[in-house]
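**Q** Quick one: the structure is below, questions incoming.
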Amino acid sequence: MIRIGVNLAAGLGTPSSGNLVDDLVAAAGAVAAAGVPTAWLSQGYGYDAVGVLTAIAREVPGVELGTSVVVVQPRHPRVLAAQALTAQAAAHGRFTLGLGVSHLGLLEVYGQRFHRPVAALRAHLDTLLPILSGRAAPGATGPGSQATDSAVPGATARVPVLLGALGPAMLDLAGRRTDGTITFLAGPRTIGDHVVPRIGAAARASGRPTPRVVVGLPVAVTAEPERVRTGLDVEYDGYARLPSYRGALDRDGFAGPGAIAVVGDENTVVADLAAYAALGATDILVSLVGTATERTRTLRVLGAVTAAGLDMRSGLKGGTGYQAGRTTGRGAG
């Protein structure tokens with residue numbers, strides 16, 4: 001059964017309370033009330049995603065919480081480890097840490113260059129992962145260097161780590177050293193022919209379990225799919241210009257981000273999500289798009305899919321919508 005999650009930062013409505021944390025707590029509550037099991041939060045230049053999820057953990061029980069993703073270069077791994085362990089204690093084991101390396105041109109605000117991103121992430125993991133597993137970081141000496149010094153009582157579960165990985169080197173790193181990957185704007189060919197086999201091979205070579213593959217997609221249950229796709233071409237244009245996302249869209253034959261969206265009536269949306277399960281995706285990370293009414297309708301459908309316990313890997317009535325590298329989405333060639 002594929003796991004469904006919702007991006008709290010996308011499409012859950014305009015903040016209304018004047019307090020962003022209160023609004024995101026309310027959004028997470030709506031996700032939980034709909035019966036969707038996971039809530040994800042991206043990291044921007046403003047709020048601290050791990051901090052917000054720590055607050056949500058105390059207010060919204062029973063839902064897995066994850067970052068998608070926190071950029072590592074501006075953050076010291078010991079500080080990030082402390083944040084993650086605190087969130088894990090607050091969530092009683094429901095927190096997952098998604099990490100990434102951003103994109104060319106987006107790190108200058110921190111006074112940093114986008115330089116050797118895989119090496120930067122590898123070095124970060126060298127310190128971060130041992131601490132998250134209750135061990136001392138290699139090479140650490142002096143006061144504060146022992147495992148007990150970094151421990152957060154109550155963070156009893158190991159913090160799972162996922163990488164925002166699309167390129168071969170990053171997927172290899174994710175498979176060898178972490179619990180999986182989180183993708184964005186990656187279609188069926190990218191997931192089925194590239195991401196799943198590459199990260200799976202790396203995990204097997206390292207004796208690790210089958211990795212988690214979280215597929216991030218815009219989704220809308222709507223009677224006007226072309227309107228939604230056209231809107232996404234405009235709204236997501238900045239993402240589509242970033243080289244890693246542009247490369248994934250090109251691999252799938254999608255001219256723009258609207259083409260990758262999973263949109264249509266309830267049966268179409270469920271069938272197209274099932275296609276990704278059949279390709280080896282373990283999770284769908286949904287960015288709700290469309291009108292407020294359509295977002296509400298979509299969230300209701302996602303909750304119904306979860307409640308029904310549908311094994312989407314086996315396909316659903318009407319087929320999966322995926323044949324020989326194609327989806328029902330516009331633009332697959």
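Please treat every number below as a calculation from the coordinates, not as lab data. Predicted model, so just to flag it, every value in this text is computed and none were measured. Note that we place each Cβ from the backbone using ideal geometry, even for glycine, and neighbour counts take in every protein chain shown.
**Q** Classify region 35-149 as rounded, prolate or oblate from the Cα gyration tensor: take a ≥ b ≥ c as the square roots of its eigenvalues, call it rounded if a/c is under 1.5, otherwise prolate when a/b beats b/c and oblate if not.
**A** Numbers: a/c = 2.17, a/b = 1.14, b/c = 1.90.
Judged from the Cα gyration tensor, region 35-149 comes out oblate (a/c at least 1.5, b/c at or above a/b).
**Q** Restricting everything to alpha-carbon atoms, can you work out Rg to Rh for region 104-197 with a Kirkwood hydrodynamic radius?
**A** Details: Rg = 16.2 Å, Rh = 15.5 Å.
Rg/Rh for region 104-197 comes to 1.05.
**Q** Once both axes come from the Cα atoms, what is the angle between helix 292-308 and the longest principal axis of the chain, in degrees from 0 to 90, rounded to 10?
**A** Its long axis makes an angle of about 80 degrees.
**Q** I would also like to ask the following. Relative to the longest principal Cα axis of the chain, at what angle does helix 225-235 sit, 0 to 90 degrees, rounded to 10?
**A** Roughly 40 degrees between the two axes.
**Q** Sorted by packing (mean other beta-carbon atoms within 10 Å per residue), highest first, where do 52-62, 278-288 land?
**A** Result, highest mean first: 278-288, 52-62.
**Q** Still on this structure, I have one more. At ALA82 and GLN146, where each label point lies 7 Å from the Cα along Cα→Cβ, what is the point-to-point distance in nanometres?
**A** Output for this residue pair reads 1.8 nm.
**Q** Let a ≥ b ≥ c be the square roots of the eigenvalues of the Cα gyration tensor of region 203-303; is it rounded (a/c under 1.5), or, if not, prolate (a/b larger than b/c) or oblate?
**A** Taking the square roots of the gyration eigenvalues as a ≥ b ≥ c, region 203-303 is oblate.
**Q** Ranking request for peptides 177-187, 107-117, 293-303, 233-243: highest mean number of other beta-carbon atoms within 10 Å first, then the rest in descending order.
**A** 177-187, 293-303, 233-243, 107-117
**Q** While we're here: Give me the net charge for the shell around PHE95: Cβ to Cβ below 13 angstrom, other residues only, Lys and Arg +1, Asp and Glu -1.
**A** Result for the local shell: +1.
**Q** About its Cα centre, how strong a charge dipole does region 158-231 have in debye, to the nearest 20, once Lys and Arg get +1 and Asp and Glu get -1 at the Cβ?
**A** So the magnitude is around 320 debye.
**Q** Once the convex hull of the C-alpha atoms of the chain is built, how many Å³ does it hold per residue, rounded to a whole number? Can you show the working numbers first?
**A** Numbers: hull volume 44.5 nm³, N = 333.
Given the Cα convex hull of the chain, per-residue volume reads 134 Å³.
**Q** Let me understand region 29-102 better: what is its radius of gyration from the alpha carbons, and its Dmax, in angstrom?
**A** 11.9, 36
**Q** For the chain, find the longest principal axis of its Cα atoms and tell me its angle to the long axis of helix 117-132, 0 to 90°, nearest 10.
**A** Orientation of helix 117-132: about 60 degrees from the principal axis.
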